Amino acid sequence: MLVKTKAIVISSLKYQEKSLIVKCITYSDGLKSYFVPNAFAAKKSNQKIAYFQPMSILEIEANHKNKGTLEHFKEIKLAHAYQSISNNIIKSTIVMFLSEIIHHSIHEEEKNESLFNFLESALLWLDAHEEISNFHLILLLELTKFLGIYPDTSESELTYFDTKEGMFSLFQGTNCLSEHETFLFKKLIDLKFDSVQKVFAGIERQILLKILLDYYAVHLDGFKKPKSLDVLKEVFA
């Protein structure tokens, strides 16, 4: 079936000498993997390697056979040409990190328009703003809504957060954050992308990042911490 849709690139893997296998989240069909022959050949101008950078937002025309095999692009163009992400080391590191997170978190091939819209809006916000020090933390937390593991905040006035149960607790059990960690986590829950960014010190962001990645690991089978984590820590040090 010939489909025209937007797609966000999650990963691209070199295959043999000249080809790529590209994984995308599409607006029309959710997660899809595509085979791109001769992606590194200069003459293949309609499927340039530059299109397949992590989290690029594309407009594609593709043949979807929906048989669990690799699909094929017919036409590709950028839906949005980023103005700052590609030449800003902090933003490009964040994007690399997030692409790994999504790669290890989302596995089901099912349509999810709200997830696509959220990711697209978040990426465009990142490209357009300079105060972005909490962006990755807010996005990781917001993404849990689409993964079905968002924390239960109905009793957020309680002192401790139980990472295994995903809820706040009056008592500090074995799976609970410390009182200080819980305090930081509550502050993060209240943040939006447009909130004042200077609410955490650098060490507090490191603590929150560890909390979030540990939370993902507890609740998502097979979740792996991103290889780009050390680079991300360095650019925010």
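A few remarks follow.
- Test: residue in the stretch 172-182 that is surrounded by 14 or more Cβ atoms within 10 Å (Cβ to Cβ) and either in contact (Cβ under 8 Å) with a residue 60 or more places away in the chain or among the aromatic types (Phe, Trp, Tyr) (or both): no
- Matching entry among LEU140, LEU124, LEU119 (being touching a residue at least 24 places away in the same chain (Cβ under 8 Å) and closer than 21 Å to ARG205 by Cα): LEU140
- Exclusive hit being under 26 Å from LEU2 (Cβ atoms) and of a type in the set (Lys, Arg), set LYS145, LYS91, LYS67: LYS67
- Of residues in the stretch 129-152 being within 23 Å of ILE106 (Cβ to Cβ) and polar (S, T, N, Q), the one surrounded by the fewest Cβ atoms within 10 Å (Cβ to Cβ): THR144
- Answer from VAL196, VAL231 - the residue that is outside any helix (DSSP H, G or I) and either more than 21 Å from ASN134 (Cβ to Cβ) or modelled with pLDDT under 95 (or both): VAL196
- The listed residue being over 13 Å from the mean Cα position of the chain (by Cα) and without any contact (Cβ under 8 Å) to a residue 12 or more places away in the chain, out of ASN88, ASN112: ASN88
- Residue that is most open to solvent (accessible area, probe 1.4 Å) [pool: residues in the stretch 183-205 that are closer than 17 Å to THR163 by Cβ and out of contact with any Ser or Thr (no Cβ under 7 Å at 6 or more places or on another chain)]: PHE183
- The condition of being in contact with a helix residue (DSSP H, G or I) (Cβ under 6 Å, 6 or more places away or on another chain) and of a type in the set (Phe, Trp, Tyr) does not hold for TYR51.
- Checked against (1) closer than 30 Å to LEU213 by Cα; (2) exposed (fewer than 14 other Cβ atoms within 10 Å of the Cβ); (3) among the hydrophobic types (A, V, I, L, M, F, W, C), LEU78 meets all criteria but (1).
The values are calculated or read from the model by the stated rules, or taken from the named source; none is laboratory data. Computed from a predicted structure; not experimentally measured. Glycine also receives a Cβ, built like all others from the backbone with ideal geometry; neighbour counts cover every protein chain displayed. Remember, those area values only see protein heavy atoms, side chains included, never the ligands or the DNA or RNA. Shrake-Rupley method; radii C 1.70, N 1.55, O 1.52, S 1.80 Å.
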